[in-house]
Structures are given as C-alpha cells and as structure tokens.
Amino acid sequence: MKLLNLIAASGIIIISSASQFCRAETKVVAHRGFWNTENSAQNSLASFAKADSIGCFGSEIDVWLTTDDHLIVNHDKNFHGLYMETAPFDEIRKIKLPNGEKIPTLDEYLAVVRKHPDTRLILEMKSLTDYSREDVAANKIAVLLRKHGVLDRTDIIVFSLNAAMTFKKLFPTGVKIFYLDGDLSPKKIKKLGLSGIDYSVKVLKKHPEWVEQAHKNDVEVNVWTANSEEDMKYFIDLGVDYITTDHPDKLINLLKNKK
Ligand code: MG
C-alpha cells in the first residue's frame, strides 16, 4: 500500500512538473511579413514566403480599400505621395516596392498565402474615413478569404470597433478578431465577443496585469511591435500568446535558446 502511495505521489510530481513546461509557447508573428532580409519588402508577396521559410507562426499584412474599390496590401496611409484611400488603383500600382514588386492586391497576396499552408495570415484592415467604406472593405475581404480557402487560418486585427463588429457578423464563430487600439480592458473585449487584444508594447507595459486578466477571460494577447531583445524577453516572461516583431528571425532564435 505504501509503495502504491509512493508511486501515485511521484506520478503527481512528474505530471505537475511536466505541466510547468507545457505552457503554450509564445508564437512569432512577422510584422508586415519578414521584410528585414534580402529581396524582401514590407507587405510584399516575398515577405509572406520568407516568413513561412523561417517557420513563423504568422505573418501580418495591412489592407486598404482604394477609392475605386480595390483591396491593396500596404501599410502607409500616404505612400510615395499617394493616399491609399483616395488615389485610384492604377496610380497606386505604378509604385514600386524596394524589392521591385508592385504593391500587391489582396487577391494576389492570398494566392501566395494559399501556397504556404503552414503560416497563418494576420490580416489588419486599416481604419477608413467612414464606417460605410469599412463595411464595404470587410465584405470584400470576407469574399476573398473564402475564395482562396484561407479563412480557417486567418486572424483579423483592427483598430476600428465598427470594423470588428462588421467582421464578427460576417464570419462564423471560430474566426478570431483582435482589437488593436489599446483602450479597452480584456474584460470589455470579452463582453464584446472578440477573441483577443493586440496591443502596443507601451500599452501592455502600462497594463501588464491585462495579460492575466485576458487569459482568465479566454481572451488571447498579441503585442506589437517588440523589436529589442529586452522587450521580447519581457513579453515571453509575461506569458503573451503572440509577439509581433520586425525581427522574427531573432525572436525564433531567442525562443529556441530559451528551451
Ligand atoms: Mg499592421
């Protein structure tokens, strides 16, 4: 009997010590793709393939709706003197990215995403000047994600609560929607029925308690943009679910060396 108790007790010890190491590992998201490398550029088609090639969990993009209803992939509101929201598509397409690519359409981008099934797409829809334009953009994005069959490995991130609620109506439960603006606690995010917070380094350093609050409420936590080793280590130790960084290669190495 004593022996059985001893075995049972040691079993518990083994299980509990194993569980300490089983906490889900921080996942790496390449901010605007993996662009900090040869022949790549922010939000280029190459940047998704390169994020995939180094084993990123996810790769982030920014999507605008042009005045003539084309979805394009680019970050800056004003890029090379053109406003993404008001310039016609044909003008925007004349701009060359630093790696020689044209600014991609979302349709072109998703064709690349489809070819790299191991990497998740983190799609940011940029806030637009009025809600009706955001609704048009969200609807068009939903159509394209379904057309390319990548909805089940896409997460949506938005600053606009209007856009968040529009996407929530468009998608079945299970498609994750994260809020970027940093002004709502995880409890409020839970009440809104959103999946997670995706907040800046500054916001989460001011509210480190939001990570635990989020996890207690089944809300996930992503942080942007953690580029220094100090910030990466801080957020790994804080237990965030995802780190978005301009240096995904360095973060991957850091996580490997921490094991
Ligand atoms: Mg972005």
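The values are calculated or read from the model by the stated rules, or taken from the named source; none is laboratory data. Model, not experiment: these values are computed from the prediction. Glycine also receives a Cβ, built like all others from the backbone with ideal geometry; neighbour counts cover every protein chain displayed.
Checked against (1) farther than 18 Å from Cys56 by Cβ; (2) in contact with a helix residue (DSSP H, G or I) (Cβ under 6 Å, 6 or more places away or on another chain); (3) buried (at least 19 other Cβ atoms within 10 Å of the Cβ), Leu204 passes all but a single condition, namely (2). In the set (1) out of contact with any Pro (no Cβ under 7 Å at 6 or more places or on another chain); (2) within 16 Å of the ligand (Cβ to nearest atom); (3) closer than 23 Å to Thr166 by Cβ; (4) not aromatic (Phe, Trp, Tyr), the condition left unmet by Leu192 is number (2). Annotation: of all residues in segment 228-259 being outside any loop (DSSP other than H, G, I, E, B), modelled with pLDDT of 95 or more and of a type in the set (S, T, N, Q), the one that is farthest from Ile122 (Cα to Cα) is Asn253. Across segment 133-156, what is the total count of residues that are among the β-branched types (Val, Ile, Thr), in contact with a helix residue (DSSP H, G or I) (Cβ under 9 Å, 6 or more places away or on another chain) and more than 13 Å from Val113 (Cα to Cα)? Of the residues in that region, 2 qualify. Please verify whether Ile177 is farther than 24 Å from Thr67 by Cβ, crowded, with 19+ Cβ neighbours inside 10 Å and in contact with a Ser or Thr (Cβ under 7 Å, 6 or more places away or on another chain), treating the condition exactly as stated. Yes, satisfied. Close contacts from segment 54-67, counting a first residue that is free of Cβ contacts under 8 Å to residues at least 40 places away in the same chain and in a loop (DSSP other than H, G, I, E, B) and a second that is among the polar types (S, T, N, Q) and away from the ligand (no atom under 11 Å from the Cβ), with Cβ to Cβ under 6 Å and a gap of 6+ residues or different chains, come to Thr67/Thr86. Just so you know, in segment 35-50 the residues that are in contact with a Ser or Thr (Cβ under 9 Å, 6 or more places away or on another chain) and within 14 Å of the ligand (Cβ to nearest atom) include one that is farthest from Lys96 (Cα to Cα), and it is Phe48.
Return a yes/no flag: does segment 62-75 have any residue that is more than 18 Å from Asn139 (Cβ to Cβ) and away from the ligand (no atom under 16 Å from the Cβ). No, segment 62-75 has no match at all.
Identify, please: which residue in segment 60-78 is among the charged types (D, E, K, R) and closer than 18 Å to Thr225 by Cβ and is, among those, surrounded by the most Cβ atoms within 10 Å (Cβ to Cβ)?
Within segment 60-78, the first condition is being among the charged types (D, E, K, R), and the residues that meet it are 60, 62, 68-69, 76-77.
Now narrow it down to the ones that are closer than 18 Å to Thr225 by Cβ: 60, 62, 76-77.
On the way: Glu60: 30, Asp62: 20, Asp76: 14, Lys77: 14.
Once the filter is applied, the top-ranked residue is Glu60.
One residue is enough: does segment 27-37 have a residue meeting the conditions of a type in the set (Val, Ile, Thr), touching a strand residue (DSSP E or B) at 6+ places or on another chain (Cβ under 8 Å), at pLDDT 50 or above and under 29 Å from Ile252 (Cβ atoms)? Yes, because at least one residue in segment 27-37 is of a type in the set (Val, Ile, Thr), touching a strand residue (DSSP E or B) at 6+ places or on another chain (Cβ under 8 Å), at pLDDT 50 or above and under 29 Å from Ile252 (Cβ atoms).
Out of Asp118, Asp155, Asp183, Asp107, which single residue is of a type in the set (Asp, Glu) and either over 27 Å from Asp218 (Cβ atoms) or modelled with pLDDT under 95 (or both)?
Working: Asp118 fails: either over 27 Å from Asp218 (Cβ atoms) or modelled with pLDDT under 95 (or both); Asp155 fails: either over 27 Å from Asp218 (Cβ atoms) or modelled with pLDDT under 95 (or both); Asp183 fails: either over 27 Å from Asp218 (Cβ atoms) or modelled with pLDDT under 95 (or both).
Sole residue among the options that is of a type in the set (Asp, Glu) and either over 27 Å from Asp218 (Cβ atoms) or modelled with pLDDT under 95 (or both): Asp107.
If only residues of segment 225-234 that are surrounded by fewer than 24 Cβ atoms within 10 Å (Cβ to Cβ) and in contact (Cβ under 8 Å) with a residue 24 or more places away in the chain are counted, the one that is nearest to the ligand (Cβ to nearest atom) is Thr225. The listed residues are Ala142, Ala137, and the only one of them that is within 15 Å of the ligand (Cβ to nearest atom), buried (at least 16 other Cβ atoms within 10 Å of the Cβ), assigned to a helix (DSSP H, G or I) and over 16 Å from the mean Cα position of the chain (by Cα) turns out to be Ala137.
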